[in-house]
Amino acid sequence: MAIYVDRAKVPFKGKQWCHLMADSLEELHTFAKAVGIDSRLFHRSASYPHYDITLEMRILVIAYGAIDADRRTIIMCGRKLKMQLIALEQDQ
């Protein structure tokens, strides 16, 4: 299992943002909580479930072990997370 952060630089509200993902939703939420990422930054209904984080936060998550991921890795990871989310929603 691993945590991934992309190289996006999406401007919003005067900051630049990127995306945090993981191999599983459980691991993603656990990691985000451990490093102090606000749960409101989780986007469950985006194309792929992820946390939006600032580029400053990106430096922190990499220091805590997140992997700098290329686009291909992020897309593969996002697909897995989307499938997990759909399965969880079907179980409810």
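A short reminder: the numbers here are calculations on the coordinates, not readings from a lab. What you are looking at is a predicted structure, and each value in this text was computed from that prediction instead of being measured. A quick note on method: Cβ atoms are made from the backbone with ideal geometry, for glycine too, and the neighbour counts reach across all protein chains shown.
Here are the numbers:
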{"item": "When residues of the range 35-92 are limited to those that are in contact (Cβ under 8 Å) with a residue 40 or more places away in the chain and basic (K, R), the one farthest from A2 (Cα to Cα)", "result": "R44"}
{"item": "Matching residues, the range 43-84, being more than 19 Å from K15 (Cα to Cα), hydrophobic (A, V, I, L, M, F, W, C), in a helix (DSSP H, G or I) and in contact with a strand residue (DSSP E or B) (Cβ under 9 Å, 6 or more places away or on another chain)", "result": "I74, C77, L81"}
{"item": "Selection count, the range 60-84, where residues are loosely packed, with under 13 Cβ neighbours inside 10 Å and either among the aliphatic types (A, V, I, L, M) or out of contact with any Lys or Arg (no Cβ under 9 Å at 6 or more places or on another chain) (or both)", "result": "6"}
{"item": "Test result for G36, among the small types (G, A, S) and in a helix (DSSP H, G or I)", "result": "no"}
